[in-house]
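Everything on this sheet refers to the single structure shown next.
Laboratory data are not the source of any read-out in this text; all were calculated from the coordinates shown. All values reported here derive from a predicted model rather than from experimental measurement. FYI the Cβ positions are ideal-geometry reconstructions off the backbone, even for glycines, and counts take in every protein chain you see.
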Amino acid sequence: MNPRSKSKSPLKERIREAVHGEILSAAERVFGASGLGAAKMEEIATAAGVSVGTLYNHFADREALLTALLDTRRAELLDMLDDVVEQMKSEPFPAQLGRFIGTTVEHLGQHRPLFAMLIEEELHSGRGRLRGKPALRELTARCQRLVEQGLKQGALRKQDAAVYPALLMGFIRGVFAQAMHEDTLRLSPELVQAMVRTFLEGAGARA
């Protein structure tokens, strides 16, 4: 083997990874502008600054590209939430909950067009519901880990613990879905504070 070809291999791999990442970013922009069903591979290649052939060298078809994009964005969020749960475990539970919700809302906001389309697809398409199942399962598992911290600290009632992970996950998804359609509901620190307060204290009026 040519030793020089071996030394070039890491560089080639970095270049390939960079192109891969740029294609995913371009795909996200095109899917956001054209929609999941209307976006074309040619548009994505142009937006990424690569040839159509190069695009197909990375992804077999549009569905494979969309799957890779969703897997990447989901993995990014899960990694951040794992860090939050681990790094904040000695903090009071309201602070943990706020960071958890804030991290999720910030990530959803950064990729707003993509996640908004996914929510719409879930509402109107069986494929959309199937596509969202892995993310929902993984995110609910992170909610479970967070809830366990709240139970350990005595911040949550034990008798209702079974419903908390799904309740928290549904709460976050519901608020985000509403924010996609109402200009008055902004993804902001104030919204995160309201979500923490409502989750911990409920919506009932205080005497």
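Below is a table of values for the structure above.
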| quantity | calculated |
| --- | --- |
| Burial ordering of Val147, Val19, fewest other beta-carbon atoms within 10 Å first | Val19, Val147 |
| With Cα atoms, 0 to 90° folded angle of helix 126-153 axis to the chain main axis | 50 |
| Estimated 222 nm signal from helices in the chain, with DSSP H stretches of n ≥ 4 weighted -39500 (n - 2.57), rounded to 500 | -26500 deg cm²/dmol |
| Ranked packing of 153-165, 77-89, 22-34, most packed first, by mean Cβ within 10 Å | 22-34, 77-89, 153-165 |
| In degrees, nearest ten, helix 164-181 long axis to first principal axis of the chain (Cα) | 60 |
| Theoretical FRET efficiency, 1/(1+(r/R0)^6), r = Cβ-Cβ of Thr46 and Leu136, R0 35 Å, to 0.05 | 0.60 |
| Lys, Arg +1 and Asp, Glu -1 on Cβ, resulting dipole of segment 69-207 about Cα centre, debye, nearest 20 | 400 |
| Inter-label distance, nm, simple model (7 Å from Cα along the C-beta direction), Ser34/Gln87 | 3.7 |
| Sequence-separation-based contact order of the chain, relative, with Cα cut under 8 Å and 6+ spacing, percent | 18 |
| Using alpha-carbon coordinates, inclination of helix 62-87 to the longest axis of the chain, degrees | 40 |
| Sites Asp79 and Gln193, calculated FRET efficiency, Cβ-Cβ separation with R0 35 Å, nearest 0.05 | 0.90 |
| Distance in nm between pseudo-label sites at Arg112 and Ala166 (7 Å out along the Cβ direction from Cα) | 3.1 |
| Equivalent ellipsoid semi-axes - Cα gyration tensor, the chain, angstrom | 38, 22, 14 |
